[in-house]
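Notes for the one structure printed next.
The values are calculated or read from the model by the stated rules, or taken from the named source; none is laboratory data. All values reported here derive from a predicted model rather than from experimental measurement. Cβ: placed from backbone, ideal geometry, glycine included. Neighbour counts: every protein chain shown.
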Amino acid sequence: MTVTQQAPAVEIDKVAVRFRGKKREVLALEDVTVDVRPGEFVSIVGPSGCGKSTLLKLVSGLLKPSAGAVRLLGGSVDGPRHDVGFVFQRAALLEWRTARRNILLQAEMRGMPEREAAQRAGELIEMTGLTGFEDALPHELSGGMQQRVALCRALLHRPPVLLMDEPFGALDALTREQMNVELHRIWRETGTTVLLVTHSIAEAVYLSNRVVVMTPRPGTIAEVIDVDLADERDYAATMSLPGFATATGRVRELLGAAGGHE
Ligand SMILES: Nc1ncnc2c1ncn2[C@@H]1O[C@H](COP(=O)(O)OP(=O)(O)OP(=O)(O)O)[C@@H](O)[C@H]1O
Ligand SMILES: [Mg+2]
């Protein structure tokens with residue numbers, strides 16, 4: 001490490017997670033070490049049940065490791081963290097609240113000053129192309145639009161770290177591609193550090209600086225792949241670049257070797 005390098009935004013250090021139930025004990029994660037640099041986009045792929053969601057829960061402080069340590073922005077994670085944004089597979093919007101008021105829920109929960117929250121919500125609505133739908137209720141929005149609302153809500157308080165757990169898993173292929181392009185642009189514009197869990201190899205490679213490939217349970221790191229692509233990425237053009245083919249090929253190889261799907 002050179003002296004000019006900043007401390008990692010996220011440090012996962014030799015972490016293990018063991019769930020103890022009445023009937024069974026599950027070793028979900030074992031010896032997992034990952035560092036995410038500030039502003040970096042890192043994706044996590046791996047077979048179902050290998051501990052990807054568990055890993056995000058550790059970073060957000062919703063779960064404590066059984067061994068090892070997790071640090072966020074240089075400080076140890078000892079409880080639920082309010083300086084991260086979290087986007088789930090389902091948008092989880094309140095049905096009786098408009099798009100804007102769903103986004104502002106974040107501000108209400110955090111006691112953010114109203115004017116600042118309203119201004120930021122306006123910016124995000126514009127950035128995600130929701131202009132004109134601020135007053136629509138969730139059932140009046142498409143699946144992609146609902147995920148955009150969830151993304152706005154997660155970004156409202158300008159979290160330095162954004163955690164996303166299969167955020168586009170429920171969308172059709174075309175909408176998913178559009179959301180990938182938008183997320184990539186938003187990542188570049190905001191400079192937020194992103195840790196994304198996905199089952200799509202193309203999504204992982206298109207969006208990321210690095211892709212973490214995990215083994216089946218107990219989840220360990222099979223390999224961390226550097227994606228050799230420029231930050232500015234046109235979707236269609238990127239798909240035909242050698243850097244894209246190399247990275248997706250390697251991820252596929254590792255997942256195949258690990259017995260994973262896709
Ligand atoms: N709260 C819990 N109590 C007991 N076991 C749990 C708990 N949460 C997760 N597990 C177990 O830990 C393992 C990893 O779960 P996790 O949800 O992290 O997997 P995942 O990689 O996100 O899977 P998927 O791709 O299907 O979402 C699984 O075997 C699961 O049954
Ligand atoms: Mg999961």
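For region 159-185, the set of residues classified as within 26 Å of Val36 (Cα to Cα) and out of contact with any strand residue (DSSP E or B) (no Cβ under 9 Å at 6 or more places or on another chain) consists of Phe168, Gly169, Arg176, Glu177, Gln178, Met179, Asn180, Val181, Glu182, Arg185, listed by residue number.
For region 33-53, residues that are at positive phi and more than 15 Å from ligand 2 (Cβ to nearest atom) total 1.
Take the conditions (1) crowded, with 19+ Cβ neighbours inside 10 Å; (2) in the same structural domain as His199 (by TED's automatic domain parsing); (3) within 25 Å of Asp231 (Cβ to Cβ); (4) away from ligand 2 (no atom under 16 Å from the Cβ); Val77 misses just one of them, which is (3). Contact map, region 20-44: residues that are free of Cβ contacts under 8 Å to residues at least 60 places away in the same chain and in the same structural domain as Leu63 (by TED's automatic domain parsing) paired with residues that are surrounded by fewer than 22 Cβ atoms within 10 Å (Cβ to Cβ) and of a type in the set (Lys, Arg), Cβ distance under 8 Å, separation 6+ or inter-chain. Pairs shown: Glu25/Arg18. With respect to the conditions (1) in contact with an Asp or Glu (Cβ under 9 Å, 6 or more places away or on another chain); (2) farther than 30 Å from Arg148 by Cβ; (3) at pLDDT below 95; (4) surrounded by 14 or more Cβ atoms within 10 Å (Cβ to Cβ), Val26 lacks only one, and its number is (1).
Considering Glu108, Glu30, Glu11, Glu25, which residue is under 30 Å from Thr131 (Cβ atoms) and away from ligand 2 (no atom under 16 Å from the Cβ)?
None of the other options fit; the residue is Glu108.
Got a number for residues in region 154-178 being more than 16 Å from ligand 2 (Cβ to nearest atom), more than 17 Å from Met109 (Cα to Cα) and crowded, with 23+ Cβ neighbours inside 10 Å? Number of matching residues: 1. Is it the case that Leu151 is within 14 Å of the chain's Cα centre (by Cα), hydrophobic (A, V, I, L, M, F, W, C), assigned by TED's automatic domain parsing to the domain that holds Tyr235 and surrounded by 16 or more Cβ atoms within 10 Å (Cβ to Cβ)? No; evaluated as a whole, the condition is false for this residue.
A single entry from Leu56, Leu105 fulfils the requirement of being surrounded by 14 or more Cβ atoms within 10 Å (Cβ to Cβ) and within 18 Å of the chain's Cα centre (by Cα): Leu56. When the strands (runs of 3 or more DSSP E) confined to region 1-82 are screened for residues that are within 15 Å of ligand 1 (Cβ to nearest atom), those reaching at least 3 such residues are found at 10-20, 25-36, 41-45.
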